[in-house]
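The values are calculated or read from the model by the stated rules, or taken from the named source; none is laboratory data. Quantities reported herein were computed from a predicted structural model and do not represent experimental measurements. Cβ placement follows ideal geometry from the backbone for every residue including glycine, while neighbour counts extend to all protein chains displayed. These area figures cover heavy atoms from the full protein model, side chains too; ligands, DNA and RNA do not enter into them. Shrake-Rupley method; radii C 1.70, N 1.55, O 1.52, S 1.80 Å.
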Amino acid sequence: MDKKVRVRFAPSPTGPLHIGGVRTALYNYLFAKQHQGDFILRIEDTDSQRFVPGAEEYIQETFDWLGLEFDESPKKGGQYGPYRQSERKDIYRQYVWQLLEKGKAYIAFDTPEELEKKRKEIPNFQYDASTRNRMRNSLSLSKEETQALLDSHSQYVVRIKIEPGIDITVDDLIRGKVTINSSVLDDKVIYKSADELPTYHLANVVDDHLMQITHVIRGEEWLPSAPLHVWLYKSFGWEDSMPQFAHLPLLLKPEGSGKLSKRDGDRLGFPVFPLQWKDPKTGEIFSGYRESGYLPEAVINFLALLGWNPGTEQEIFSLEELIGAFSFERCSKSGARFDYEKARWFNHKYILATPDEKIAAMFMPVLKEKNIPASRDYVTRVVGLVKDRVSFVKELWDQSSYFFVAPTVYDEKTVRKRWKAETPDQMRELIGILEKMDDFSAENQEKVIMKWIQDNGYHLGNVMNAFRLALVGEGKGPHIFDITVLLGKEETISRLKKAIETIPTPHV
Ligand code: GLU
């Protein structure tokens, strides 16, 4: 490749960005960075009727959160700007006129009613070479008639003129060469006088050309548009600088058939949007990965493997590793099943891999909300002991609350199983041993307590589980001497006393 790689992510701000769009952007990013290229954000907002306030900000915030930085964007600027299509109207008009002058496009005056009438008259009506001379346009009307209509400010559209019977080949990096015959295409509208705006197809192609995009990497749903885009490139005489296409596989429902939709998320209880979104009109809230407690690194890793595979067993990839390993050859042609359980698994792995201090910093606000005073250092040590039991930061509280508040109730089942008639006396003895202990390290506690149990012929399981019950309130938790060390001698003893007082002694 001699040209510098330049790719763009080109969302339309019509609502919250779908998680599939995030995957498209990620693949663009990985490919660009692999080739020391540029990753550009272009906002395709020419359809003013579908514009949703806040959607562009949402997109920018998503990538800020994920740490995928654009080299050029509406926010950052760049030498090929503006990066919002609504600010490029004059540019498009110029190119529409260029096509008209070259005879590659024409002006059409048909009203919606006229079009409707033709659709009824002609079976499988399509505005193309076979029908255009029966319509009201600059090809069927005389020069004078056309000019008169323009002078009288009649509304019109500009249509691309597709010549029939020509093979159009889209060279796709994932799908290979896809050839269709131009006869199946219609003369698509590329510009509307009503809002003085180009349609998606024209703006998209003109911008890709002007922004010197080398690779168009986008969702499979755009594959049907690709032949028209190729045709537009040729009509402009830009075939030499035509970008390479790569159409990514669809994201499928967790069950494996059909496209993943917002409704699947609601139905199965997982987010299909990167960030939480509040619909500005209805006030409806859509959950996001960020708010659900996902780490951005986990989301990136999870998405990278939806439609691409490394060809090895490796599943955990840093962003740097993904940049190195990504390739179109290993992107699948068929849809990728959205395995939500896998997302949780990735988050768990990333919680484990993230330093305890960092997880503690995320956990601190949860504690603060519960009015639990705790030092950062203490929380860090708690996190270290329990994080292997959680997939999300918010689950830490359930696994660690006893480190912050002494139990007041005791799990009945464990009580029944472990709190025997002799237990209170044994716990009193244990208090005596702990009180005398100078070295409160886990090793020393273990040594001394084990010896005491052995010397007295006590039931190891019952004694240790009663001890745990007094500290935790139930039979779970990490290694018991890790708990006592963290709680400290005083708190450990006080919890034993409280348990003796509270748990009724069973009758023999
Ligand atoms: N604006 C289109 C979208 O919303 C862009 C498609 C493309 O990347 O060409 O996805």
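Summary of computed values
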| read-out | value |
| --- | --- |
| Where R263 falls short, out of the listed (1) more than 12 Å from the ligand (Cβ to nearest atom); (2) of a type outside the set (A, V, I, L, M, F, W, C); (3) over 23 Å from S327 (Cβ atoms); (4) in contact (Cβ under 8 Å) with a residue 12 or more places away in the chain | (4) |
| Subset tally (residues that are open to solvent by 50 Å² or more (accessible area, probe 1.4 Å) and within 17 Å of V189 (Cβ to Cβ)) for the range 99-139 | 9 |
| Residue match in the range 7-15 (condition: open to solvent by 50 Å² or more (accessible area, probe 1.4 Å), within 12 Å of the ligand (Cβ to nearest atom), assigned to a loop (DSSP other than H, G, I, E, B) and farther than 21 Å from S86 by Cα) | no |
| Lone unmet requirement of (1) part of a loop (DSSP other than H, G, I, E, B); (2) farther than 28 Å from E329 by Cα; (3) of a type outside the set (G, A, S) for I213 | (2) |
| Matching residues, the range 16-30, being part of a helix (DSSP H, G or I) and either out of contact with any Asp or Glu (no Cβ under 9 Å at 6 or more places or on another chain) or under 12 Å from L251 (Cβ atoms) (or both) | I19, G20, G21, V22, R23, T24, A25, L26, Y27, N28, L30 |
| Residue match in the range 52-68 (condition: within 15 Å of the ligand (Cβ to nearest atom) and over 19 Å from the mean Cα position of the chain (by Cα)) | yes |
| Selection within the range 210-226 - among the aliphatic types (A, V, I, L, M), open to solvent by 10 Å² or more (accessible area, probe 1.4 Å) and within 11 Å of the ligand (Cβ to nearest atom) | L223 |
| Residue match in the range 471-478 (condition: part of a helix (DSSP H, G or I) and more than 16 Å from V448 (Cβ to Cβ)) | yes |
| Selection count where residues are of a type in the set (S, T, Y) and farther than 16 Å from R389 by Cβ, scope the range 346-370 | 0 |
| Single condition T46 does not satisfy, out of (1) open to solvent by 10 Å² or more (accessible area, probe 1.4 Å); (2) away from the ligand (no atom under 12 Å from the Cβ); (3) in a loop (DSSP other than H, G, I, E, B) | (2) |
| Looking only at the range 95-130, and only at residues there that are touching a residue at least 60 places away in the same chain (Cβ under 8 Å) and in a loop (DSSP other than H, G, I, E, B), the one that is nearest to A203 (Cα to Cα) | K104 |
| Residue match in the range 236-251 (condition: in a helix (DSSP H, G or I), open to solvent by less than 30 Å² (accessible area, probe 1.4 Å), touching a residue at least 60 places away in the same chain (Cβ under 8 Å) and under 30 Å from K161 (Cβ atoms)) | yes |
| Per-region count, the range 87-98, residues open to solvent by less than 70 Å² (accessible area, probe 1.4 Å), under 39 Å from the mean Cα position of the chain (by Cα) and over 17 Å from I40 (Cβ atoms) | 3 |
| Residue, farthest from the chain's Cα centre (by Cα), within the range 183-209, restricted to residues that are open to solvent by less than 10 Å² (accessible area, probe 1.4 Å) and among the hydrophobic types (A, V, I, L, M, F, W, C) | I190 |
